[in-house]
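Take a look at the structure set out below.
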Amino acid sequence: MEMENVWKVAVPEGFRFQENIRYLANANHECMYQVINNQVLKAINVDKTVFLIELSEAKCGELLVRVVKSSHSFSEANRSKITAYVRDWFDLDTDLADFYQMAENDIFLQTLVHTFYGLRLIGIPNFFEAISWAIIGQQINLFFAYKLKRRLVERFGQSIRNGGDYWLFPTPDVIANVPVSELTSLQLSKRKSEYLIDIARSIIDGALSKEKLLAADSLEEAEKILTRHRGIGSWTAHYVLMRCFRFPNAFPIADAGLQNAIKQLARLEKKPSKEYMLQLGSGWENWQGYATFYLWRTLYQ
């Protein structure tokens with residue numbers, strides 16, 4: 001008997017599927033998932049099997065997961081790992097009660113938590129993808145960054161086809177063996193191309209790993225581990241620690257989008273200074289990551 005390929009994933013109190021799908025749909029140049037008819041479709045790799053999963057909202061408000069297609073047979077172990085992936089992707093195991101309470105008394109956040117209530121800090125569970133996306137986006141506008149990522153993914157990634165291609169991000173072992181010239185042919189700069197190849201090789205040889213970062217005692221220690229590697233500065237490190245590792249106090253203060261959001265909300269004549277940003281962040285202690293995410297959200301309404 002074939003295993004049931006549709007199941008529910010419990011969600012925390014206050015989770016709002018529609019608020020999260022609106023966020024995902026706003027990234028209309030994203031190539032790592034598609035939003036179609038109020039459903040999210042995404043390819044993921046679980047135990048060397050590629051699954052195309054569909055997420056929708058169950059009648060009771062829970063997430064409904066359906067395996068649309070897979071490269072091999074589907075098992076109970078696969079279901080457990082797909083559930084874990086979904087919970088990580090939508091940060092379903094974080095209790096936001098303290099964040100919402102803090103935000104109610106914050107001049108910048110109090111309106112945002114009402115406007116976007118139920119939005120989770122949607123992450124990038126794939127470590128290499130998170131670092132690569134941060135490097136690709138360094139010092140360029142978001143639209144061009146999405147174009148570069150799509151070119152990289154469609155040239156070197158794997159896909160599963162279901163009326164169209166659903167892509168997996170290229171693996172480190174693929175990028176580690178790509179000549180710099182092949183990456184620059186996609187319009188990536190020579191320096192960024194070198195960074196991506198170097199990071200891929202560091203992951204393969206174990207010099208950089210998800211396990212080492214998960215074992216870090218603090219944000220500062222994790223940041224040091226990352227910034228030892230060429231191409232990863234403080235902004236990139238904090239972005240990765242926020243989107244992939246869920247450090248609650250990760251705070252990418254050099255992020256142009258974050259600065260623009262604060263500039264607009266504070267009605268400043270120019271972008272806020274580092275000192276201004278740090279002062280704001282001190283009031284968001286241990287919730288800087290979520291504050292950043294909600295502020296970013298104001299830019300894409």
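Might you let me know whether the stretch 69-81 holds any residue that is open to solvent by less than 50 Å² (accessible area, probe 1.4 Å) and either in contact with a Pro (Cβ under 7 Å, 6 or more places away or on another chain) or among the β-branched types (V, I, T) (or both)? Checked the stretch 69-81: no residue is open to solvent by less than 50 Å² (accessible area, probe 1.4 Å) and either in contact with a Pro (Cβ under 7 Å, 6 or more places away or on another chain) or among the β-branched types (V, I, T) (or both). Taking the stretch 3-21 as the range and being modelled with pLDDT of 95 or more, among the charged types (D, E, K, R) and open to solvent by 30 Å² or more (accessible area, probe 1.4 Å) as the test, the residues that pass are K8, R16. Here F247 meets each of (1) under 21 Å from L208 (Cα atoms); (2) assigned to a helix (DSSP H, G or I) with one exception, condition (2). In the stretch 230-282, of all residues being on the phi > 0 side of the Ramachandran plot and of a type in the set (K, R), the one that is modelled with the highest pLDDT corresponds to R246. Here Q264 passes the criteria (1) free of Cβ contacts under 8 Å to residues at least 40 places away in the same chain; (2) under 23 Å from A200 (Cα atoms) except the one numbered (2). Within the stretch 107-145, being more than 28 Å from S209 (Cβ to Cβ), at pLDDT 95 or above and touching a Gly at 6+ places or on another chain (Cβ under 8 Å) holds for Y117, G118. Of all residues in the stretch 273-301, those satisfying the criterion of being of a type outside the set (D, E), assigned to a helix (DSSP H, G or I) and open to solvent by 60 Å² or more (accessible area, probe 1.4 Å) are K274, Y276, L278, Q279, S282. The helices (runs of 4 or more DSSP H) found entirely in the stretch 96-177 that carry 2 or more residues being more than 14 Å from the chain's Cα centre (by Cα) and surrounded by fewer than 17 Cβ atoms within 10 Å (Cβ to Cβ) are 97-103, 110-115, 142-156, 172-175.
Results for (1) assigned to a helix (DSSP H, G or I); (2) open to solvent by 30 Å² or more (accessible area, probe 1.4 Å); (3) in contact with a His (Cβ under 9 Å, 6 or more places away or on another chain), shown as yes or no for each residue.
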{"position": "K192", "(1), (2), (3)": "yes, no, no"}
{"position": "S202", "(1), (2), (3)": "yes, no, yes"}
{"position": "K212", "(1), (2), (3)": "yes, yes, no"}
{"position": "E220", "(1), (2), (3)": "yes, yes, no"}
{"position": "T236", "(1), (2), (3)": "yes, no, no"}
{"position": "G257", "(1), (2), (3)": "yes, no, no"}
{"position": "A261", "(1), (2), (3)": "yes, no, no"}
{"position": "Q264", "(1), (2), (3)": "yes, yes, no"}
{"position": "K271", "(1), (2), (3)": "no, yes, no"}
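The values are calculated or read from the model by the stated rules, or taken from the named source; none is laboratory data. What you see is a predicted model; the values in this text were computed from it and never measured. Because the Cβ atoms are built from the backbone with ideal geometry, glycine has one as well, and the counts that use them run over all protein chains shown. In case anyone asks, the SASA skips ligands and DNA or RNA and just uses the protein heavy atoms, side chains included. Shrake-Rupley method; radii C 1.70, N 1.55, O 1.52, S 1.80 Å.
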